[in-house]
Amino acid sequence: RSGAGVGDLVPFIPGYQQKYGIRKIVVIVDTSGSIDDTLCEYFAGEIQTIRKKMGCDMVLLTCDTEVHQTISIKAHDNLHAIIKKEGGFKGRGGTDFRPAVAIAEKVPGAAVVIYLTDMMGPYPDKCRLPLLWASICTQYTKPPCGTVIVLRKDET
């Protein structure tokens with residue numbers, strides 16, 4: 001540090017830090033007809049929170065009865081700009097969780113799958129990756145695979 005004076009110090013700016021061993025995750029957004037634009041915005045906020053906590057690359061899938069978008073996002077990419085460039089989340093049809101989970105299982109290097117949903121649709125029988133259902137509903141049929149957490153959506 002010789003020659004470095006007080007004026008040479010660079011302020012600490014918090015950034016993304018990758019969790020040890022996790023390099024990529026898959027996040028799936030339920031874009032069926034029961035998920036309106038307000039919920040999609042809420043899901044985008046949840047995705048941003050996940051990114052800040054995990055600090056890793058992500059593959060984002062949007063799905064109703066079929067997968068409409070597969071978006072690769074690097075840890076430092078601007079999520080909202082990417083979603084806007086893609087024209088928002090695509091879908092608004094019926095619901096089937098199986099196609100997105102099948103695609104998520106094939107993402108090279110993925111450590112976990114997180115599915116943001118209202119839990120209304122046919123579940124896959126199994127998933128080879130750890131699967132976390134992030135539900136906006138407190139009442140749902142228990143899926144045959146994965147763990148369910150209920151998101152607490154604060155109404156303001």
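Taking amide H as placed 1.01 Å from N in the peptide plane, the amide H of residue 115 sits under 5 Å from that of 28, 132, 133, 134, each at least 5 places away or on another chain.
Report the longest stretch of the chain that contains none of the GluC sites (Glu not before Pro) sitting in a DSSP loop with at most 15 other Cβ atoms within 10 Å.
Numbers: sites that count: 66, 86, 155.
Here the longest segment lacking exposed loop sites spans 87-154.
Label point 7 Å out from residue 150 along Cα-to-Cβ: which residues of region 112-136 have amide N under 16 Å? Output list for this probe position: 117-120, 133-136.
Annotation: extensible slack from residue 137 through residue 66 equals 23.4 nm (criterion: 0.36 nm per residue apart, minus Cα-Cα distance).
Over 20 Å apart at the Cα level, from the set 126/153; 52/74; 53/74; 74/106; 53/153; 24/74, are 126/153.
The angle between the Cα long axis of helix 37-54 and the main principal axis of the chain comes to about 50°, on a 0 to 90 degree scale. In the chain, if the dipole is taken from +1 on Lys/Arg beta carbons and -1 on Asp/Glu beta carbons about the Cα centre, which of 113, 35, 87 is farthest to the positive end? Sorting the options by dipole projection puts first 113. Within the chain, the longest segment free of exposed loop sites, counting chymotrypsin sites (Phe, Trp or Tyr not before Pro) that fall outside DSSP classes H, G, I, E and B and have at most 11 other Cβ atoms within 10 Å, spans 21-156.
Please report the antiparallel percentage of the DSSP beta bridges confined to the chain, to the nearest 5.
Details: 6 of 26 bridges.
Around 25 percent of the beta bridges assigned by DSSP in the chain are antiparallel ones.
Here the dipole of the chain is about 660 debye; that uses its Cα centre as origin and unit charges on the Cβ of Lys and Arg (positive) and Asp and Glu (negative). The convex hull defined by the C-alpha atoms of region 20-71 has an orientation-averaged projected area of 3.7 nm². Scaling against 2.2 N^0.38 Å puts the C-alpha radius of gyration of region 38-97 at 1.11. Apolar share of the accessible surface for the chain: 53 percent from carbon plus sulfur atoms, 1.4 Å probe. Shape summary: the chain maps onto an equivalent ellipsoid whose semi-axes, from the alpha-carbon gyration tensor, are 32, 17, 15 Å in decreasing order.
The values are calculated or read from the model by the stated rules, or taken from the named source; none is laboratory data. Just so we're clear, the structure is a prediction, and the values are computed from it rather than from any experiment. Every residue, glycine as well, gets a Cβ built from its backbone with ideal geometry; the counts of neighbours run over all protein chains shown. Only protein heavy atoms, including side chains, enter the accessible area calculation; ligands, DNA and RNA are left aside. Shrake-Rupley method; radii C 1.70, N 1.55, O 1.52, S 1.80 Å.
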